[in-house]
Amino acid sequence: MGWRVPFVVVEVYGPSMVPTLYEGDRLFVRYGATVRPGDVVLLRHPFQQDLIVVKRAVERRGGGWWVLGDNGFNRTGDSEDFGTVPEELVLAVARLRYRPRRPDQRSIGARLSWAVSALRPLLPDPEASSRLRAL
């Protein structure tokens, strides 16, 4: 029987998922998890398969997923550029977001505020799914 790592930690780069995720955030992702509309997912870019991107799975369309970034002002590298992503390119579902403490967060209040908000679950967001759904 093979042993599987339940979660892998990856780092976020770029602004396409703001305000949900910021550059430098860490994601605990689960490979092979069932994708549901509204999930934050890791996928191989359909045209640059050595590039792994983080997007929100909005809806299933014809054998694949329509994926979009949460940042309406900086939507790059999503289904508006490349269309539906085939199922086999959707690699993992993000389950938790960890935001590292910034060096300027030195006061007790800043550290407490960080401690309360540093770790958040990334649950499927059906409202985001309907808000981002392409026509």
Could you figure out which of (1) within 11 Å of the chain's Cα centre (by Cα); (2) of a type in the set (A, V, I, L, M); (3) surrounded by 21 or more Cβ atoms within 10 Å (Cβ to Cβ) isn't true of Leu42? (3)
Residue in segment 79-95 that is crowded, with 17+ Cβ neighbours inside 10 Å and in contact with a helix residue (DSSP H, G or I) (Cβ under 9 Å, 6 or more places away or on another chain) present: yes
Gly14 being more than 17 Å from Ala94 (Cα to Cα) and surrounded by 13 or more Cβ atoms within 10 Å (Cβ to Cβ): no
Can you tell which of Arg75, Arg102, Arg97, Arg36 is at pLDDT 90 or above and assigned to a loop (DSSP other than H, G, I, E, B)? Arg36
Answer yes if at least one residue in segment 62-75 is touching a Lys or Arg at 6+ places or on another chain (Cβ under 9 Å) and surrounded by fewer than 20 Cβ atoms within 10 Å (Cβ to Cβ), and no otherwise. no
Of all the residues that make up segment 112-135, how many are surrounded by 11 or more Cβ atoms within 10 Å (Cβ to Cβ), modelled with pLDDT under 75 and not charged (D, E, K, R)? 6
Read through the list (1) of a type outside the set (Lys, Arg); (2) out of contact with any His (no Cβ under 8 Å at 6 or more places or on another chain); (3) touching a residue at least 40 places away in the same chain (Cβ under 8 Å), then give the number of the only condition that Ile52 fails. (2)
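The values are calculated or read from the model by the stated rules, or taken from the named source; none is laboratory data. Small disclaimer: the values here were computed from a predicted structure and weren't measured. Ideal geometry is used to build each Cβ from the backbone, glycine not excepted, and the neighbour counts take in all protein chains shown.
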